[in-house]
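Structure record follows, encoded as structure tokens.
Where a number appears in this text, it was derived from the coordinates with a stated rule and is not lab data. Note that the structure is a prediction, hence the values are computed from the model and not measured. Positions of Cβ are backbone-derived with ideal geometry, glycine not excepted, and every protein chain shown enters the neighbour counts.
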Amino acid sequence: MSERSEKPLKAAAISERALVCVVDDDQSVREALPDLLRELGFSTKAFASAEEFLKSGTVSTAKCLILDVAMPGMSGPELHRELIARGHPVPVIFITTPPDPVKRQQLIKQGAVDCLFKPFSAQALKAALDTAMGVKH
């Protein structure tokens, strides 16, 4: 098998084991994003709020979180800080609208893998997930 064909297999093997949780108050995002994640080979669960995610029992099994920045109650960045404080430093990809490059840089400096602006492409999401999962290309 060539080196070229081994890389996609490695990425697929990693993603099949990985649970990616989506936390977003927008129902349409909670319906569409998990479908895309499953197409990319990930296991997924969606939550309407940070509080719902924290109560779910999924905190210790999630390999990556996709968090909306602005949500009622606890925001995405507040959830990220709470998880770190609890000893669960899971990789986080933030999603937000409207585009705010300054906020994006702040979130990345605070430890986020990436901050994607809605609507984002499947390729941009895949690239962020590969980074979160440590997949090398």
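Here are a few things to note about the model shown:
- Considering only residues in the range 31-50 that are under 24 Å from E78 (Cβ atoms) and hydroxyl-bearing (S, T, Y), the one that is surrounded by the most Cβ atoms within 10 Å (Cβ to Cβ) turns out to be T44.
- Every pair of residues 6+ apart whose Cβ atoms lie under 7 Å, when the first sits in the range 25-36 and is within 16 Å of C64 (Cα to Cα) while the second is surrounded by fewer than 14 Cβ atoms within 10 Å (Cβ to Cβ) and not aromatic (F, W, Y): L36/A122
- Looking only at the range 56-77, and only at residues there that are free of Cβ contacts under 8 Å to residues at least 40 places away in the same chain and within 19 Å of A132 (Cα to Cα), the one that is surrounded by the most Cβ atoms within 10 Å (Cβ to Cβ): P77
- Complete set of residues in the range 87-106 that are within 22 Å of T58 (Cβ to Cβ), free of Cβ contacts under 8 Å to residues at least 40 places away in the same chain and not β-branched (V, I, T): G87, H88, P89, F94
- F94 surrounded by 14 or more Cβ atoms within 10 Å (Cβ to Cβ), over 12 Å from the mean Cα position of the chain (by Cα) and within 22 Å of A32 (Cα to Cα): no
- Scanning the range 17-30 for residues that are more than 14 Å from M74 (Cα to Cα), in contact with a helix residue (DSSP H, G or I) (Cβ under 9 Å, 6 or more places away or on another chain) and outside any strand (DSSP E or B) turns up just one, A18.
- All conditions but one from (1) more than 15 Å from L129 (Cβ to Cβ); (2) surrounded by fewer than 15 Cβ atoms within 10 Å (Cβ to Cβ) apply to F53; the one that does not is (2).
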